[in-house]
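The structure appears right after this line, and notes come after that.
The values are calculated or read from the model by the stated rules, or taken from the named source; none is laboratory data. All of these numbers come straight from a predicted model, not from anything done at the bench. Cβ: placed from backbone, ideal geometry, glycine included. Neighbour counts: every protein chain shown.
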């Protein structure tokens, strides 16, 4: 029996999917993962999963900048205050 995998998605049961587990505070492969509610991923490699914090911080900063550009928060008011 085969499972269909959406284009651009990693098959959750593949050993190519890696996760950061907050319960165990470690990288886990898809086959080891036992607490999906407390994990981040999938990541393409164990190294990328271990670097979850950097990835999360970079994404948050990019989202913040995009939000500021969209709402005009990067422009100063008439009195020079943001």
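For this structure, a couple of remarks:
- The set of residues in the stretch 1-28 that are modelled with pLDDT of 95 or more, surrounded by fewer than 17 Cβ atoms within 10 Å (Cβ to Cβ) and either in a strand (DSSP E or B) or touching a strand residue (DSSP E or B) at 6+ places or on another chain (Cβ under 6 Å) (or both) contains only 26.
For every residue, the table says whether it meets (1) outside any helix (DSSP H, G or I); (2) touching a strand residue (DSSP E or B) at 6+ places or on another chain (Cβ under 9 Å).
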{"residue": "31", "(1), (2)": "yes, no"}
{"residue": "40", "(1), (2)": "yes, yes"}
{"residue": "48", "(1), (2)": "no, yes"}
{"residue": "53", "(1), (2)": "no, yes"}
{"residue": "57", "(1), (2)": "no, no"}
{"residue": "61", "(1), (2)": "no, no"}
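- When the stretch 23-41 is filtered for residues that are within 19 Å of residue 59 (Cα to Cα) and touching a helix residue (DSSP H, G or I) at 6+ places or on another chain (Cβ under 8 Å), the ones remaining, listed by number, are 40, 41.
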